[in-house]
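Trainee: The following block contains the structure, expressed as structure tokens.
Every read-out reported here was derived from the displayed coordinates using simple, explicitly stated rules and does not represent laboratory data. For clarity, every value in this text was computed on a predicted model and none was experimentally measured. Every residue, glycine among them, receives a Cβ derived from its backbone with ideal geometry; neighbour counts consider all protein chains shown.
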Amino acid sequence: MESQLTQLILAPAIAGFLCLILPRVKVIKELIAGIAAALVLYLSARVWSADPFSVRFFDFSPAGIPVNVDFVGTPLSLMMVLFVGLFGVLGVVYSWRYRRGEPGNHLYYAYMLWTLAASDLALLSDNLLFFVIAWELSTLFLYALVNCGHRNRVQAATAGYRTFGILGFSEAALLLGVIIIWTQYGTISMASLNIPTVGWLGVLLYLMFFAASAAKAGAIPLHTWIPSAAEGAPTSIMAYLPASIDKLLGIYLLVRISTDIFAVTAGIRLMVMIVGAVTILVAVMLALVQHNLKKLLAFHAVSQVGYMVLGIGTGTAIGIIGGLFHMINNALYKAVLFYGAGSVETQAKTTDLEKLGGLAKFMPLTFVSMVIAALAISGVPPLNGFASKWMIYQSCLEAGRPIMLIAAMLGSALTLASFIKVIYSVFLGQKPAGLPAVREASPAITLPQLALAILCIGFGVFAAWPVRTFLMPAIGKEFAASVVGSLGWGGTLWSPSLATILIIIGLAVGIIFYLLGRAFKPRRVSAYYGGEVLPKEDTRIPGTGFYGTIENLPLLKTAYADSEKGVWDPDYFVASIFNGIFVKGLKYMHTGVLSTYLSWSIIGLVVIIFVLIV
Amino acid sequence: MLVFNYLVFPGLLFATVAGLLTWWFDRKVTARVQYRVGPPWYQCFADVVKLLGKEVVLPENARRTGFLLAPITAVAASALVAAMLGVYNMNYGTGFVGDIIVFWYLLAIPSIMLILGGAASGNPLASVGSAREIKLLLSYELPFIIVLTMAILKAGTLSLGGIIEYQVGHGPILYSLSGVLGFIVALICVQAKLGLVPFDIPEAETELGGGVIYDYSGAALGAFKLSKGILFYTLPIFLITVFWGGIKIGDGWGILWAVLKYVLIIALITLIRNTNPRLRIDQAMRFFWGKLTLLAIIAFILSAIGI
């Protein structure tokens with residue numbers, strides 16, 4: 001087991017270095033990245049199928065407190081490792097085509113592989129300190145990857161700062177939390193902790209950890225980095241990190257702190273659930289009025305986190321399974337959506353919904369896969385989004401919080417509305433005159449996309465399979481046993497697969513109906529606009545105006561106007577305080593004189609040596 | 001057996017016949033109110049058969065597959081709701097936890113298909129219709145979800161079978177102040193789900209010339225009509241099931257009583273449709289998210305304190 005673990009973490013790390021240092025010959029980086037990612041997936045699968053384990057690499061005791069560097073494979077973390085491997089392969093494969101010919105690809109692939117190594121390290125380490133280090137490494141690579149967006153340099157840089165600012169803040173909280181735990185409880189091994197969240201210290205510690213997980217996953221109010229990143233970062237990275245791997249990490253930490261690192265009280269649970277419900281609603285309301293496809297998808301990446309947080313916050317077995325299932329489903333359909341957005345951007349050279357339209361004719365495969373993903377994210381049965389949301393709804397009621405149920409269901413309706421707008425403005429309607437000639441993206445992009453879309457259907461129609469194979473073992477068989485009853489798979493007339501068969505039969509009947517009506521050979525006629533002969537541009541209705549009515553409703557009008565100015569963003573407040581206190585102080589210290597820096601370093605070194613020796 | 005349930009009774013065939021007859025009833029009453037003779041009982045069937053004989057035309061901007069697939073998907077989904085609802089009412093035990101959520105989603109599919117079909121036709125009038133339909137969907141879902149949750153909370157179960165059983169034991173949810181309020185809210189939402197006046201905003205014959213179904217003709221239009229017919233039967237039954245004790249098949253009087261409830265609900269729907277002018281979409285949104293949601297919340301609070 002030790003050798004497998006070492007390989008799992010070292011393979012991508014070394015391959016990343018290779019990408020960096022090998023000569024810039026064609027396809028060599030792509031090849032290395034592909035092989036390394038596939039190797040990681042293979043090793044992850046092996047580790048996942050093995051029994052849970054605990055491996056001690058070494059131990060030491062600074063300042064009298066024993067520190068063991070243990071790698072512990074709990075069922076939960078092993079499942080996460082498996083999916084990190086899967087999304088790693090997907091991300092690399094998609095990048096081959098999407099990033100072809102872009103500058104700085106050696107860095108790009110290196111960061112991608114290092115992200116894999118850092119994520120696996122974070123998921124497997126039992127030692128909180130190592131966990132924090134790996135966690136921060138993954139943030140660092142995220143920052144670097146966001147900056148790889150060469151198409152809009154300035155926005156990418158701004159987004160990078162914002163990402164680093166928010167995640168850095170939350171990680172400072174995490175680190176502080178770990179230090180407090182170390183001093184208060186004398187251990188930083190996750191497995192041996194079970195801190196009750198009573199009293200101010202317990203609650204504070206929980207909040208520190210919660211902030212880190214919420215920021216990584218992107219829950220409100222620490223979400224603003226995702227929409228910012230969407231504007232600048234490469235689309236491949238949006239699908240790779242904020243939509244999948246960062247979600248895995250954030251949700252992993254949330255599950256850990258909600259189930260075993262802390263003994264959570266009902267009050268804390270309620271707080272987590274409120275964060276989830278607010279995230280769902282606020283983010284989806286913001287998504288509704290976006291005019292940029294990538295930014296709109298980013299707000300959905302935030303909104304979907306709300307469901308996971310809500311499900312896990314209930315603390316019931318079905319809620320946690322539903323939350324985890326939703327995390328996997330979200331990564332699947334969000335990847336399809338971001339890939340589609342990337343193809344549209346490559347072809348049409350814009351993601352502004354106002355300037356798009358009528359692309360279905362030219363990009364049929366992209367269109368079909370995006371429609372499936374859009375219906376899945378809205379939770380339309382029998383797709384995968386429905387299966388996981390359905391479990392989360394049940395958990396709300398089981399936890400006795402019907403208000404959360406209302407929020408979650410309304411969130412689904414709003415999500416649907418928002419995606420109707422996307423489908424209409426990008427693919428249906430009419431093609432605007434200014435759009436360049438568009439053709440279908442390369443098979444290297446559409447095939448993985450279609451495969452993922454089919455997985456979206458499969459995970460919905462045969463939802464029992466992923467739930468039993470991956471999720472129920474992940475949270476512990478005894479705990480999960482209570483879920484089986486409330487799932488009710490295979491009830492009369494409705495089990496996802498049976499209902500699908502029935503709907504297909506219904507469609508067959510519909511086709512007979514059409515045959516009777518000779519509907520399959522419709523006559524093409526010129527469009528009819530109430531008898532008027534109109535110039536083509538006059539007959540085009542962009543989808544961006546769909547929700548003008550909602551933007552102008554009383555109350556909402558003010559809220560939207562404020563959010564446009566960024567009044568609701570937390571970094572708006574933080575930045576002003578930060579600028580006043582820290583930046584000016586730091587400016588004073590960072591004079592740019594080398595000798596000053598060196599003397600500080602030497603002072604620091606002396607202090608460290610003094611502490612270690614004495 | 002399941003396929004029979006789905007295709008014949010109480011699914012596709014039965015629901016279509018019952019729905020089209022209901023639609024005729026609605027048209028006949030409307031005609032009598034307006035001092036017209038009104039259509040004969042088989043008019044709605046004749047309409048569908050006639051549409052089958054007509055040619056399907058496809059406007060030049062339309063996306064063929066989506067345009068043709070939308071109507072039959074709507075029929076397939078609404079027939080599934082009808083079948084499930086009928087089977088649950090015949091045998092309470094067949095439900096499962098969370099089925100009411102399945103109903104909520106399935107009931108939205110016909111609307112989604114109308115929207116996609118309208119959008120796929122590439123006509124500006126249909127686009128406006130689609131935009132209105134989705135906004136209408138958003139508006140009525142909020143109060144609808146709240147009153148559904150109220151019923152769920154009262155019965156203490158997420159399964160429709162459980163809700164019927166609770167009503168068998170404790171009397172229908174409707175027979176309480178909160179129940180009455182919730183029922184009124186749900187009834188108005190059903191009116192909007194059916195796209196009847198005053199909520200026929202997406203079709204708006206007089207201004208959009210049919211809106212979402214502007215470009216539909218022949219068998220495709222017929223399929224949309226069928227789906228609307230099935231919903232005409234399904235939605236009142238859904239209301240009866242959730243708020244009014246369900247349909248008790250057990251004794252002979254049960255069926256009569258159920259038919260009475262059904263006719264009463266249809267009469268109310270027809271009454272609303274004949275006494276109101278069409279709203280603008282922003283008025284409808286303000287109505288649903290404002291007054292009606294407030295009413296739903298009041299019902300919810302009342303039920304929480306047990307009134």
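Trainee: Report relative contact order for the range A:129-268 in percent, whole number only (criteria: Cα-Cα under 8 Å, sequence separation at least 6). Please report the intermediate quantities before stating the final value.
Mentor: Working: 174 pairs, mean separation 45.4, N = 140.
With pairs under 8 Å counted, the relative contact order is 32 percent.
Trainee: Sticking with this structure for a sec: List the residues, sorted by chain then number, that are 5 or more residues from A:Phe262 or on another chain and whose placed amide H is less than 5 Å from its amide H.
Mentor: A:Ile195
Trainee: Okay, next question. Between helix A:128-146 and chain A, what is the angle of the helix's C-alpha long axis to the longest principal axis, kept within 0 to 90° and rounded to the nearest 10?
Mentor: With rounding to tens, the tilt is 40 degrees.
Trainee: Can you give me the span-like helices of chain B, meaning DSSP H runs with 27 Å or more of Cα extent along the axis and Kyte-Doolittle mean at or above -0.5? Write down the numbers at each step before the final one.
Mentor: Details: long enough: B:12-33 (31 Å, 0.82); B:64-90 (40 Å, 1.39); B:99-120 (31 Å, 1.96); B:124-155 (46 Å, 1.18); B:218-243 (38 Å, 1.51); B:252-275 (35 Å, 1.51).
The qualifying helices are B:12-33, B:64-90, B:99-120, B:124-155, B:218-243, B:252-275.
Trainee: OK, next. How far, in nm, would the chain grow between A:Arg523 and A:Asn194 when pulled straight, counting 0.36 nm per residue and subtracting the alpha carbon separation? Show your work: numbers first, answer last.
Mentor: Values: separation 329, 0.36 × 329 = 118.44 nm, distance 7.02 nm.
This chain segment gains 111.4 nm when fully extended.
Trainee: Identify all lysines with a Cα-Cα distance to B:Lys28 below 18 Å; exclude those on the same chain that are fewer than 8 residues away in sequence.
Mentor: Qualifying lysines at Cα under 18 Å: B:Lys225, B:Lys228.
Trainee: Residue separation times 0.36 nm, minus the C-alpha to C-alpha distance between A:Ser49 and A:Asp562: what's the value?
Mentor: Values: separation 513, 0.36 × 513 = 184.68 nm, distance 5.04 nm.
179.6 nm is the gain from fully extending A:Ser49 to A:Asp562.
Trainee: Taking the simple approach of a point 7 Å from Cα along Cα-to-Cβ for both A:Ile512 and A:Ile454, what is their distance in nm?
Mentor: Inter-label distance under the simple model: 2.9 nm.
Trainee: Share of antiparallel DSSP beta bridges in the protein assembly as shown, in percent to the nearest 5?
Mentor: On the way: 11 of 16 bridges.
Once the DSSP bridges in the protein assembly as shown are tallied, antiparallel ones form about 70 percent.
Trainee: As a check on your grasp of the helix formula, calculate [θ] at 222 nm for chain A: sum -39500 (n - 2.57) over DSSP H runs of n ≥ 4, divide by the residue count, round to the nearest 500. Could you put the intermediate results ahead of the total?
Mentor: Numbers: 24 runs with 409 residues, N = 614.
Using -39500 (n - 2.57) per qualifying helix, the result is -22500 deg cm²/dmol.
Trainee: While we're here: Could you name the aspartates and glutamates whose alpha carbon sits less than 15 Å from that of A:Lys521, not counting residues in the same chain fewer than 8 places away?
Mentor: Correct list for A:Lys521: B:Glu55, B:Glu60.
Trainee: Over chain B, what is the mean sequence separation of C-alpha contacts under 8 Å (at least six apart), divided by residue count, expressed as relative contact order in percent?
Mentor: Numbers: 489 pairs, mean separation 85.5, N = 307.
It rounds to 28 percent for chain B.
Trainee: Under the rule of at least 5 residues apart or a separate chain, name every residue whose amide H is placed under 5 Å from the amide H of A:Val525.
Mentor: Amide H to amide H, under 5 Å and 5 or more residues apart or across chains, A:Val525 pairs with B:Leu58, B:Glu60.
Trainee: Helix A:2-21 versus the longest principal axis of chain A: what is the Cα-based angle in degrees, 0 to 90, to the nearest 10?
Mentor: Taking Cα atoms only, the helix is inclined about 70 degrees.
Trainee: So, one more: When the chain is fully extended, how far beyond the present Cα-Cα distance does A:Tyr597 get from A:Ala266, taking 0.36 nm per residue of separation?
Mentor: On the way: separation 331, 0.36 × 331 = 119.16 nm, distance 4.93 nm.
Full-extension gain reported as 114.2 nm.
Trainee: Let me ask something additional. Let me understand the protein assembly as shown better: what is its radius of gyration from the alpha carbons, and its Dmax, in angstrom?
Mentor: Looking at the protein assembly as shown, its Cα Rg and Dmax stand at 28.9, 105 Å.
Trainee: Report the FRET efficiency, 1/(1 + (r/R0)^6), for A:Thr469 and A:Ala157, where r is their Cβ-Cβ distance and R0 is 30 Å, rounded to 0.05.
Mentor: Numbers: r = 43 Å, r/R0 = 1.42.
In this case the efficiency is close to 0.10.
Trainee: Over chain A, what is the mean sequence separation of C-alpha contacts under 8 Å (at least six apart), divided by residue count, expressed as relative contact order in percent?
Mentor: Computed over chain A, the figure is 12 percent.
Trainee: To continue, here is another question. Mind checking which lysines have their C-alpha under 16 Å from A:Lys355, skipping anything on the same chain fewer than 8 residues away?
Mentor: A:Lys355 reaches A:Lys294, A:Lys295, A:Lys421, A:Lys431, A:Lys536.
Trainee: Give the angle, between 0 and 90 degrees and rounded to the nearest 10, that separates the Cα long axis of helix A:317-348 from the longest principal axis of the Cα atoms of chain A.
Mentor: 60 degrees
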